[in-house]
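Have a look at the structure below before the remarks.
The values are calculated or read from the model by the stated rules, or taken from the named source; none is laboratory data. Since we're looking at a predicted model, the values are computed, not measured. Because the Cβ atoms are built from the backbone with ideal geometry, glycine has one as well, and the counts that use them run over all protein chains shown. These area figures cover heavy atoms from the full protein model, side chains too; ligands, DNA and RNA do not enter into them. Shrake-Rupley method; radii C 1.70, N 1.55, O 1.52, S 1.80 Å.
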Protein chains: 2
Amino acid sequence: MIGSRTRSAGTHGMPAESTDFSALPEPELRARAAAWFTALRDDLVAAFEAIEKEGSSSETCPTPTRFDRQPWVRPGGGGGEMSILRGFVLEKAGVNVSTVEGVLPEAFRARIPGAAADGRFWASGISVVVHPRSPLVPAAHMNTRMIVTARRWFGGGADMTPVFPVDEDTATFHGALRTVCEAADPAYWARFKAWCDEYFWLPHRGEPRGIGGIFFDDLATADPEADFTFVRSVGRAFLEAYPAIVRRRMYEPWSAEQKRAQLIKRGRYVEFNLLWDRGTRFGIETGGNADAVLMSLPPEVAWP
Amino acid sequence: MIGSRTRSAGTHGMPAESTDFSALPEPELRARAAAWFTALRDDLVAAFEAIEKEGSSSETCPTPTRFDRQPWVRPGGGGGEMSILRGFVLEKAGVNVSTVEGVLPEAFRARIPGAAADGRFWASGISVVVHPRSPLVPAAHMNTRMIVTARRWFGGGADMTPVFPVDEDTATFHGALRTVCEAADPAYWARFKAWCDEYFWLPHRGEPRGIGGIFFDDLATADPEADFTFVRSVGRAFLEAYPAIVRRRMYEPWSAEQKRAQLIKRGRYVEFNLLWDRGTRFGIETGGNADAVLMSLPPEVAWP
């Protein structure tokens, strides 16, 4: 039996450790979290497809574009589904859900809470990135996840990257996130907003990626149900606020100069994601599906 | 005196160490190397401007584009000059020369030969990147440098990134580099070619950046003059071979599909430079001039 486990583990280049992931903490909460991320994906896909339908005229785009879904399997265990829309209003929108399990490579264990003694992990999450065609519609990103090792925690956030920031849009976006933060814990808004500003910072440019939002990690209070409720409310806040901002700006005419500014701003977005984003580096270095990890990259980009 | 040195060093956030760079090894060779890199820059700029003149018709481009030069100063010591052409044939060509000196941050000393005990360094080099407009003309990169700490060595290389590799072009490019390698040392060609293939590899895509060329570092034989001769011959080989390949392909008509394939190939180029290129990361992490460090990025890029 040990022999067979060793051989099977060896196939995936993994150490010969127990791969009984059902023994990890909170199997019931894990199943509900994975189901929630999938349900949120369905709602976001529907919301973005509705925007495409509204924003495409019969002339420019006779059949409104819909998401294309590609399931993928992780060699080490689990998998996900990548949904991509290449639309008229939303030049590129990607929604990725995944639920994976496996054994962390030795090199990563020290960095991951609860993984030092036992490399087994389970992770489920949703990641959303939208790059609209119009330079007047902000790009946006949202992701939430539940991770389980010997410990369990939630992480995620939502932030927006306009080319030309408009106070009204920033207020809508920040306001929605502030409301759900304050409903969960009076300290969350200030803490998670500052964390977001710190995280989405380009040191080599001395500038932020966008106008921020919230970022949180290692969220594991004494009440897992409250943490899960908060994570769901972040998803719902994004689902309400961001499509409203897109609808507010999507019919405004824009110039070639504004489009050029957008392509250059997108270059900064690429620089952040490839040079500094820890999630991207983790995905790349652990041999994640490159197309899924790099789904966040904008469709067209320029460097001046 | 110590006080004044401490204060001056403190201004740049550097430790209070000796900043007498003339005491570093081989001042005479350093001066000649810096002069060579500048002379090679002038030759490359002239060669690329000649191509622009030949390839631009009076209709498409009445006045052939020329390089724009921007000098820059490094806060810690020294500086450089960035020359950029945004042409008709050569959509973006950048040639950067720099000669800098300073004291390496503690965190970098262990990685740099001869810097463990004394952080002082001097470095001079040239870096060239060309992204042609036509998807049938290969992109190319060349760089050579001399670095001095308590030790002295040369490094550099040249490689080419076609979208659609053509054996004839590969043979021209590799042939020129092979000739200068074999003139210097019978072992160089095989060693530096393999080093190049290993270096310009995208592990997350399982593919090379291009068709390779040569890459070398820590070149410090018993004969510094021979090393410098080799470095100059690499620059001259690039100056002969690459413009010849551009001229061979620049009038061939290309399709929208080929252009699209080029933009996607350029995305892989960006992924390599930002995720894996040690030179880029070193430049970014040591607070180098971001525009100069990222001059290598293509002008227009797409992710599918």
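Things worth noting here:
- Selection from the range A:93-114 of residues that are in contact with a Leu (Cβ under 7 Å, 6 or more places away or on another chain) and open to solvent by less than 20 Å² (accessible area, probe 1.4 Å): A:A93, A:V95
- The requirement of being among the small types (G, A, S) and over 30 Å from B:I284 (Cα atoms) is fulfilled nowhere in the range A:204-212; no residue meets it.
- Among the candidates B:F173, B:F88, the residue that is touching a residue at least 12 places away in the same chain (Cβ under 8 Å), under 30 Å from B:E54 (Cα atoms), in contact with a Pro (Cβ under 9 Å, 6 or more places away or on another chain) and open to solvent by 50 Å² or more (accessible area, probe 1.4 Å) is uniquely B:F88.
- The helices (runs of 4 or more DSSP H) found entirely in the range A:185-304 that carry 2 or more residues being surrounded by fewer than 20 Cβ atoms within 10 Å (Cβ to Cβ) and more than 14 Å from chain B (Cβ to nearest Cβ) are A:188-199, A:224-249, A:256-271.
- Qualifying residues in the range A:126-152 (those that are open to solvent by 10 Å² or more (accessible area, probe 1.4 Å) and part of a strand (DSSP E or B)) - the one farthest from A:F37 (Cα to Cα): A:A139
- Scanning the range B:17-49 for residues that are in contact (Cβ under 8 Å) with a residue 60 or more places away in the chain, open to solvent by less than 50 Å² (accessible area, probe 1.4 Å) and assigned to a helix (DSSP H, G or I) gives B:F21, B:L29, B:R30, B:A33, B:A34, B:W36, B:F37, B:L40, B:R41, B:L44, B:A47, B:F48.
- Qualifying residue in the range B:162-173 (condition: touching a Gly at 6+ places or on another chain (Cβ under 7 Å), under 29 Å from A:E285 (Cα atoms) and more than 14 Å from chain A (Cβ to nearest Cβ)): yes
- Any hit, the range B:232-249, residues being more than 15 Å from B:M160 (Cα to Cα) and among the aliphatic types (A, V, I, L, M): no
- The single condition among (1) out of contact with any Leu (no Cβ under 9 Å at 6 or more places or on another chain); (2) in contact (Cβ under 8 Å) with a residue 60 or more places away in the chain that B:H204 does not meet is (1).
- Within the range A:153-184, tally of residues that are outside any loop (DSSP other than H, G, I, E, B) and in contact with a strand residue (DSSP E or B) (Cβ under 8 Å, 6 or more places away or on another chain): 15
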